[in-house]
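Report on the following structure.
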Amino acid sequence: MKGILPSLNTPFTNSDELDLDSLSRLVEHTITSGCGGMLGLAVAGEYNTLKFDEKIQFVNTVTRANNSRIPFICSVTAADFNESIELTKIAKSFGAEGICVQLPQDLTFSKKLLFLEQLENLSPSILMIQDLDWTGDGMALEEIVKLFHSIEKFNWLKIETVHAGEKYTSVLQELEGRLKVCGGWAGTQLINAMARSVNAFIPTGLEKIYVEIYHSYQNGHKEEARLLFEKVLPVLNFSNQNIGTSIRFFKNLRVLEGLFESNYCRDESAVFDKLQEIEAVKATSIANGLLARYS
């Protein structure tokens with residue numbers, strides 16, 4: 001698993017039901033775009049608005065449509081640890097290649113370890129920890145190293161923190177590349193992260209563009225990769241204002257791409273005001289131009 005591993009949006013009908021046909025199209029699009037894997041039921045997928053039975057339907061649909069062609073990582077983060085455990089069982093039973101989980105920062109190390117040991121006994125071969133901290137440095141390097149040596153299946157770390165670049169390098173160097181690292185936050189640090197030998201990246205949308213950037217860079221065409229990435233920056237500048245804006249923007253784009261039937265969002269923050277509507281048109285025009293070129 002390497003390269004671009006997009007975080008899947010969850011499609012809904014205008015009547016607030018899961019749209020499983022659109023989800024199947026999104027999975028097929030992700031595969032044919034050349035992605036090296038995919039993540040589901042994460043923040044971009046509005047996971048906290050889904051009922052447990054809807055999460056089961058999501059996992060079932062993705063694994064059936066994927067048919068093990070690329071790794072599927074299922075986020076099992078939940079407010080209730082028991083739900084995380086049950087979702088881990090379901091993900092493995094349906095054939096997901098891995099799980100991803102965020103650990104509450106206020107847990108003691110011993111409680112984190114105990115919880116991860118329970119997940120490890122039930123999980124597929126990939127156990128990814130999401131190191132998410134919107135305003136700080138996230139998990140301490142010492143804690144990451146201890147968990148790595150304690151949890152055999154802990155083989156991926158998703159870093160989304162302040163000073164992420166330095167943290168990528170610290171983790172990769174400290175563990176000599178044995179713990180694989182991926183970056184999130186819509187790929188805003190993509191060029192910097194590739195220079196630091198980060199293994200994978202988890203954006204949302206624009207899959208073909210990100211894949212082109214990644215392959216160009218890895219094939220030694222670093223300036224070409226940078227120039228293409230700079231063309232994406234106006235889109236990221238708009239969509240990265242907050243998570244709600246990102247969800248709304250990329251669902252709008254999914255409809256224009258013919259992947260989703262509806263841009264319906266459950267996330268209450270996924271709305272544009274009048275000025276954002278104007279800017280969204282401009283950002284969408286740029287995105288459509290790039291997608292048309294690389295389709």
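The values are calculated or read from the model by the stated rules, or taken from the named source; none is laboratory data. Worth saying up front: this structure is predicted, and the values here are computed from it rather than measured. Here Cβ is always computed from backbone atoms with ideal geometry, including for glycine, and neighbour counts include all displayed protein chains. Remember, those area values only see protein heavy atoms, side chains included, never the ligands or the DNA or RNA. Shrake-Rupley method; radii C 1.70, N 1.55, O 1.52, S 1.80 Å.
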Study note, to complete from the structure: Heavy-atom accessible area of E143, protein chains in place, probe 1.4 angstrom, given in Å² to nearest 10, is 30
Check your understanding: If ligands, DNA and RNA are left out, what is the accessible area of E83 with a 1.4 Å probe, given in Å² to the nearest 10?
Key -> 50
Practice item. Quote the convex hull volume per residue of the range 9-81, based on C-alpha atoms, as a whole number of Å³. Key: 88
Point to revise | Gain upon complete extension [V271, E174; 0.36 nm per residue less C-alpha separation] | key: 30.7 nm
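Can you tell me the FRET efficiency between D137 and S15 if r is taken as the Cβ-Cβ distance and R0 is 35 Å, rounded to the nearest 0.05?
For D137 and S15, the calculated efficiency is 0.25.
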Point to revise | Candidate residues M1, M128, M139: accessible-area rank, largest first, probe 1.4 Å | key: M1, M139, M128
Check your understanding: Largest first, what is the accessible-area ranking of K208, K180 with a 1.4 Å probe?
Key -> K180, K208
Review point. What is the Rg over Rh value, at two decimals, for the range 50-142, using alpha-carbon atoms and the Kirkwood definition of Rh?
Key: 0.99
Check your understanding: Among the listed pairs K180/K274; K89/K251; K112/K251; K2/K231; K153/K251, which are separated by more than 31 Å between their Cα atoms?
Key -> K180/K274; K112/K251; K153/K251
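Using helices alone, what [θ] at 222 nm do you get for the chain, with -39,500 (n - 2.57) per DSSP H run of 4 or more residues, divided over all residues and rounded to the nearest 500?
Mean residue ellipticity, 222 nm, calculated: -16000 deg cm²/dmol.
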Exercise for review: Could you order E17, E86, E152 so the one with the most accessible surface comes first? Probe is 1.4 Å.
Suggested key: E152, E17, E86
Review point. Efficiency by 1/(1 + (r/R0)^6): what FRET value for H149 and K89, r their Cβ-Cβ distance, R0 = 30 Å, to the nearest 0.05?
Key: 0.70
Point to revise | Label-to-label distance, nm, for residues given as V281 and A79 (7 Å Cα→Cβ offset) | key: 3.9
Review point. Once the chain is represented by equal point scatterers at the alpha-carbon sites, with solvent omitted, what log10 I(q)/I(0) does the Debye formula produce at q = 0.09, 0.12, 0.15, 0.16 Å⁻¹?
Key: -0.41, -0.75, -1.21, -1.38
Exercise for review: Starting from the Cα coordinates of the range 178-289, work out the convex hull volume and express it per residue in Å³.
Suggested key: 115
Review point. So, with +1 on the Cβ of K and R and -1 on the Cβ of D and E, and no other charges, what is the size of the charge dipole of the chain about its Cα centre, to the nearest 20 debye?
Key: 720
